Amino acid sequence: MKEIKVGLIGFGTVGSGLAEVMLAQQERLEKRSGLCVRLASVADINIKALPPQFSGVRLHRDAAELINDPEIDIIVELIGGIQPAKTFVMDAISAGKHVVTANKALLSQEGKDIFAAAAAKGVEVGFEASVGGGIPVIKSLKEGLVANKILSIMGIMNGTANYILTRMTDEGVAFDAVLKDAQEQGFAEADPTYDIEGIDTAHKLAILMTMAYGMNITHNDIATEGITRIEPMDIEFAREFGCRIKLLAISRNHGEHVEARVHPTMVPESHLLAKIDGAFNAIHFTGDMVGNVLLYGLGAGKMPTGSAVAADVMDIARDIHAGSVGRVPSLSYLPEYIGERRITSMDELSCPYYFRISARDEPGVLAAIAGILSKNAISIESVIQKGRQESGPVAIVMRTHTAQESAVSAALQEIDDLAVVTAPTVKIRMLEDE
Ligand code: HSE
């Protein structure tokens, strides 16, 4: 049986998950591929020894020893971050190795260099685990949906943010306590700012948009807002409006231009994405031929992510064996067909909005706010103001009909400048049930 050797850089949560998956599924993988795909070497500076079940695997401190080992066919990079991960990946490609990575930050920022180098060298880059953890979203997009123009991408792509919002919704637990739990459970990023500020979700959306539309895009091109300004009372008001608050990645393909945004969104309870709870992820594609497709599963965690990395390793091993390396372009489109597309400016966006305005409870406040909204052609659908405070501000909550983002920005600036308004208004875009 032909042997394919794998070198793994990084034996942390996902790296050890990959090793365990490959070991547990060894026989099944052989029966499914006719190949013996073996983890031969690991490089990690933080561990002194590998667990006893990996006694046949060599441990190095220096990743270069794996990259330069002529016996290694596939290098798996699982250290995360931009450097030294980029150097390892580029060096592996230069050495003619195929590469597998789960590193969404690296791909969304430096993908252009990495995929160009891989195409020039004729090696494959697998990155299934970079989006949606264990969910086979990348393979679905580039193979299952190959015969579709992708009309939209919408999803919950960060387990930490979804876990926090779910527990705040179901149990009324405070933001900080839930974040600590998510970190302990191992699905938050090393720097959880990426999770709660929507940056991790933007990394993933950039990767999907590149593949869906054949366009150059980095996460810096995506309008991104996180969940840190969401308070329990927003969740309660959302419930009164029949909605759940979710951190969504949204992209719609308008032909001439494409939307690219990540922000907290009020999702009607009847919508499938409103029902995705806890650390689960869900990615929804609309294709012009297939219609709607929803992929659901665990977006993080040792074994689910290990399963996705192993799937890439097996794909590459099969291609090596069949002499069909490059059969499926890494980014779905051939490199020469990946070009520039205009990204829709946020000012052009139209949707219904939720506003939570903090104001002193005085006569004429509501009239002043309504006047500003009316002047900016924003029509109010409903207003809630609960209880009267003995002292201090009250929350005036409004839901609008569909309005233009540019008008909303202008109106909120004027509202926040009113002397009776005591804090910046919280604005949450609402998703219309499609
Ligand atoms: N921090 C990420 C999440 C891990 O919480 O979803 C998977 O990318």
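The values are calculated or read from the model by the stated rules, or taken from the named source; none is laboratory data. The model shown is predicted, which means the values in this text are computed figures rather than measured ones. As a convention, Cβ positions derive from the backbone with ideal geometry for all residues, glycine included, and neighbour counts pool all protein chains shown. Ligands, DNA and RNA are stripped out before the accessible areas are found, and what is left, the full protein with its side chains, is counted by its heavy atoms. Shrake-Rupley method; radii C 1.70, N 1.55, O 1.52, S 1.80 Å.
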- Note on the structure: Those residues of region 144-178 that are within 11 Å of the ligand (Cβ to nearest atom) and either open to solvent by less than 20 Å² (accessible area, probe 1.4 Å) or assigned by TED's automatic domain parsing to the domain that holds residue 328 (or both) come to a total of 8
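Being within 15 Å of the ligand (Cβ to nearest atom) and of a type in the set (Val, Ile, Thr): is that true of residue 138 here?
yes
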- Query: For residue 115, are the conditions met, namely being closer than 22 Å to residue 16 by Cβ and crowded, with 20+ Cβ neighbours inside 10 Å?
  - Reply: no
- Task: Check 110, 77, 124, 71 and return the single one that is of a type outside the set (A, V, I, L, M, F, W, C), closer than 25 Å to residue 318 by Cα, at pLDDT 95 or above and surrounded by fewer than 19 Cβ atoms within 10 Å (Cβ to Cβ).
- Result: 71
- Message: Show the residue pairs meeting these rules: Cβ distance below 8 Å; 6+ apart or different chains; first residue within region 63-83 and over 17 Å from residue 305 (Cα atoms); second residue among the basic types (Lys, Arg).
- Response: 67/97; 71/5; 72/5; 72/97; 73/5; 73/97; 74/5; 74/97
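Just checking, how many residues over region 11-43 are more than 20 Å from residue 96 (Cα to Cα) and either not in a helix (DSSP H, G or I) or not aliphatic (A, V, I, L, M) (or both)?
As a first pass, look at region 11-43 and keep what is more than 20 Å from residue 96 (Cα to Cα): 11-36.
Next, only the ones that are either not in a helix (DSSP H, G or I) or not aliphatic (A, V, I, L, M) (or both) stay: 11-13, 15-17, 20, 25-28, 30-36.
Qualifying residue count for the region: 18.
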- Task: May I ask you to list the residues in region 187-203 that are open to solvent by 10 Å² or more (accessible area, probe 1.4 Å), under 30 Å from residue 328 (Cβ atoms) and either more than 12 Å from the chain's Cα centre (by Cα) or not hydrophobic (A, V, I, L, M, F, W, C) (or both)?
- Result: 187, 189, 194
- Task: Starting from residues that are touching a Ser or Thr at 6+ places or on another chain (Cβ under 9 Å) and part of a helix (DSSP H, G or I), keep the ones in region 115-127 and report whichever is nearest to residue 295 (Cα to Cα).
- Result: 115
- Query: What is the residue count in region 185-207 for residues that are assigned to a helix (DSSP H, G or I), within 13 Å of the ligand (Cβ to nearest atom), touching a residue at least 60 places away in the same chain (Cβ under 8 Å) and in contact with a Leu (Cβ under 9 Å, 6 or more places away or on another chain)?
  - Reply: 3
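Out of 47, 79, report the one residue that is in contact with a Phe, Trp or Tyr (Cβ under 7 Å, 6 or more places away or on another chain) and either part of a strand (DSSP E or B) or not acidic (Asp, Glu) (or both).
Exactly one of 47, 79 is in contact with a Phe, Trp or Tyr (Cβ under 7 Å, 6 or more places away or on another chain) and either part of a strand (DSSP E or B) or not acidic (Asp, Glu) (or both), namely 47.
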- Would you please name the residue that is farthest from residue 315 (Cα to Cα), looking only at residues in region 39-68 that are buried (at least 18 other Cβ atoms within 10 Å of the Cβ) and in contact with a Lys or Arg (Cβ under 6 Å, 6 or more places away or on another chain)? 41
- Query: Of all residues in region 337-376, which are farther than 19 Å from residue 429 by Cα, assigned by TED's automatic domain parsing to the domain that holds residue 404 and not hydrophobic (A, V, I, L, M, F, W, C)?
  - Reply: 360, 361, 362, 363, 364, 371, 375
- Query: Quick check: is even one residue across region 316-323 farther than 20 Å from residue 137 by Cα and touching a His at 6+ places or on another chain (Cβ under 8 Å)?
  - Reply: yes
- What pairs come up if the first residue lies in region 114-140 and is without any contact (Cβ under 8 Å) to a residue 60 or more places away in the chain, the second is open to solvent by 20 Å² or more (accessible area, probe 1.4 Å) and away from the ligand (no atom under 15 Å from the Cβ), and their beta carbons are under 8 Å apart, counting only those six or more places apart or on different chains? 114/86; 114/90; 117/90; 117/94; 121/94; 121/96
- Residues of region 289-341 being under 15 Å from residue 78 (Cα atoms) and open to solvent by 40 Å² or more (accessible area, probe 1.4 Å), in sequence order, are 302, 303, 307, 311
- Kindly indicate the residue of region 260-305 that is at positive phi and not in a strand (DSSP E or B) and also nearest to the ligand (Cβ to nearest atom) among those meeting that condition. 301
- Message: Given the criteria in the same structural domain as residue 326 (by TED's automatic domain parsing), outside any helix (DSSP H, G or I) and over 25 Å from the mean Cα position of the chain (by Cα), does residue 72 qualify?
- Response: yes
- Pull up region 97-107, narrow it to residues that are outside any loop (DSSP other than H, G, I, E, B) and closer than 20 Å to residue 299 by Cα, then point me to the one that is most open to solvent (accessible area, probe 1.4 Å). 104
